[in-house]
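Worksheet: the structure to be examined is printed underneath.
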Amino acid sequence: MAHLHITGWALGFILLFIVYGMYKGGKNAKALHMVLRLDYLIILFSGVMLFMEYTKYSGELFGKIIAGLIAIASMEMITIKASKGGSTKTFWIVFVIAAVIAIALGFFRLPLGVLP
């Protein structure tokens, strides 16, 4: 399940940059934006399945969950603001911070990560 989660995040990052670039370039990216939203569901599903595999809950686990949810919310806000021509700087900062925290906790601190 960890590989599905990582694949979902990687696809989400790629789609975020494509959708953002298309919106900023003045092109219609509504179809890709909907695909990105479906990817959010894959990320959430695999995250819930990973959460259910844990036998010992820690503060770091809940920190990762909160950081991941904030990252997903900021990804959606970036695409919405870009589609309406608004400023996305704040949401990019929030996204980068939340994504780095979630990835660092997932890979290096929590026991179900792919790294030893």
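Coordinate-derived values only; no laboratory data. Quick caveat: nothing in here was measured; it's all calculated off a predicted structure. Cβ: placed from backbone, ideal geometry, glycine included. Neighbour counts: every protein chain shown.
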Checklist entry - Using only helices, what value at 222 nm comes out for the chain when you add -39,500 (n - 2.57) per DSSP H run of length 4 or more and divide by the total residues, to the nearest 500 deg cm²/dmol? => result -26500 deg cm²/dmol
Item to check | Rounded to whole Hz, the Karplus (6.51, -1.76, 1.60) HN-Hα couplings of segment 37-47, x for glycine and proline | outcome: 5, 5, 5, 4, 5, 5, 4, 5, 4, 5, x
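Loop-only chymotrypsin sites (Phe, Trp or Tyr not before Pro) in segment 51-116, please: DSSP not H, G, I, E or B, and at most 10 other Cβ atoms within 10 Å. Walk me through the numbers before you get to the answer.
Values: sites: F51, Y54, Y57, F62, F91, W92, F95, F107, F108; in loops: Y54, Y57.
Answer by residue number: Y57.
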Next on the checklist: Pairs of alpha-carbon atoms within less than 8 angstrom and 6+ residues apart define the contacts here; what relative contact order does the chain have, in percent?
Outcome noted: 29
Item to check | Sparsely packed trypsin sites (Lys or Arg not before Pro) within segment 32-116, loop by DSSP, other Cβ within 10 Å at most 14 | outcome: K56, K84
Item to check | Proximal lysines to K56, defined as alpha-carbon separation beneath 19 angstrom and excluding residues fewer than eight positions away on the same chain | outcome: K64
